[in-house]
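Asker: Before I ask anything, let me first share the structure, which is written out below as structure tokens.
The values are calculated or read from the model by the stated rules, or taken from the named source; none is laboratory data. From a predicted model like this one, the values you see are computed outputs, not experimental measurements. All Cβ positions, even for glycine, are placed from backbone atoms using ideal geometry, and neighbour counts span all protein chains on display.
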Ligand SMILES: *[C@@H]1O[C@H](CO)[C@@H](O)[C@H](O)[C@H]1NC(C)=O
Ligand SMILES: *[C@@H]1O[C@H](CO)[C@@H](O)[C@H](O)[C@H]1NC(C)=O
Ligand SMILES: CC(=O)N[C@H]1CO[C@H](CO)[C@@H](O)[C@@H]1O
């Protein structure tokens, strides 16, 4: 512990030397063809918000990112005893308590790991700090793929030897050893919190499936229900042997993602089939192997599949006992109402809800598809939906690829996506997108163990969520979607008031110390 701490101090000292005087929060802006800018980082320099200082008694801290100028810029002001005459207000009520926060994070897909590894050790260190350290976003959840996904350079599983039902050829792959395991270990080393790691498979081996392919509309043949449960157990054992403490898993990524000509690795599981497999095969096999403590999250797909996808399992105590939560993907949040999350929770309030995937597509330019650099709207979109998910019981939010290259690749299916961090290996640089800061405004402020409380805004252009911390500190995240600055008054329990001006198009995080 001690040596880790000393190393940090030494590193901080070097950092100040190399990048002074623009230390701490200053962003090296680079503007491309989008409505805002990215912050670029290289081997010597990178912006970081730093370790959050507790505000002094009687004052609040206000951190701002906006489309025009700031990235997690720190301000402070006095807590007042009356609301100002602001047109907008947010009423925080700490007596109305809801779910406990689990955390925020992203996925070490093979594509993300490959991009991390394409940087020099110095630049990669900055990238790890940006996500995992106390000076950075303080992410504390990692999703990894069990075998490959669409965001891998090749299609594969952990046992592609035809007919190997005894799994004698089962093994971790180069992607595990090169992209996942070392990067996950680095994140764990870098973090000051417990980092929760969960896995999700995209497809069983082709030979176990009805269509003998990783993609398309295939399903797992009945005769392979036990071999495939064994396959998942082997994965948990192998990661444990490699020194990765696993926290959870989803039995299948997007189990109903099935259309003709579907190019992504996939496997169909109807809700009642999933119930039967968890109840009679996967659940008992994990328990028998000593992995009964892993948090199992059912569904792992979009809002429109809820609550019906998890209903058969939750209605059957012999399935339900193996399942701890519901994993939700972001992609249809603008088209299906958040009340579906409430209905899901009402089925069984003892199960948690966690958003486990979100990602934007690449855009088409004159030279083909690329990740748009500096797109504010995408950051705003993320934060708007994160705030909504939190206000409808999600215990956190997990982003998809932690990094992609400037084309939004690699992906064996030939697709291209956007990501919060875009790596340019040629220049040994990476770019932090507005989406990265959208996540920072919650991941750094809403920590594991905090309890969500009411935060009710009065204007449609303002979105808000709040948590109460153990020590009585209140953290509030406020999104201003308006094109103009907006005067805002935040009431904390009707007794303490924060009167501020919000920048146009801004992300805001407030820390209010206990009264
Ligand atoms: C990194 O960027 C900074 C700021 O532009 C520059 O001063 C520095 O020389 C760059 N470092 C490297 C290794 O290119
Ligand atoms: C990536 O780096 C190369 C080499 O410095 C440069 O030519 C290119 O413009 C960079 N790409 C982006 C998107 O900045
Ligand atoms: C790896 C894999 O199974 N790829 C298949 C994806 O779908 C196409 C079209 O059906 C097949 O040709 C590929 O073999």
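Asker: Just give me the residues in region 342-367 being surrounded by 20 or more Cβ atoms within 10 Å (Cβ to Cβ), touching a helix residue (DSSP H, G or I) at 6+ places or on another chain (Cβ under 8 Å) and not in a loop (DSSP other than H, G, I, E, B), in sequence order.
Answerer: Within region 342-367, 353, 355 meet the criteria.
Asker: Right, here's the next one. Would you check if residue 107 is at pLDDT below 95, outside any loop (DSSP other than H, G, I, E, B) and away from ligand 1 (no atom under 16 Å from the Cβ)?
Answerer: No; evaluated as a whole, the condition is false for this residue.
Asker: Somewhere in region 375-385, is a residue more than 16 Å from ligand 3 (Cβ to nearest atom), buried (at least 16 other Cβ atoms within 10 Å of the Cβ) and at pLDDT below 95?
Answerer: Within region 375-385, not a single residue is more than 16 Å from ligand 3 (Cβ to nearest atom), buried (at least 16 other Cβ atoms within 10 Å of the Cβ) and at pLDDT below 95.
Asker: What about residue 36, is it within 16 Å of ligand 2 (Cβ to nearest atom), at pLDDT 95 or above and touching a strand residue (DSSP E or B) at 6+ places or on another chain (Cβ under 9 Å)?
Answerer: Numbers: within 16 Å of ligand 2 (Cβ to nearest atom): yes; at pLDDT 95 or above: yes; touching a strand residue (DSSP E or B) at 6+ places or on another chain (Cβ under 9 Å): yes.
Criteria met by residue 36.
Asker: How about region 214-269: which of its residues are without any contact (Cβ under 8 Å) to a residue 24 or more places away in the chain and more than 21 Å from residue 280 (Cβ to Cβ)?
Answerer: 240, 241
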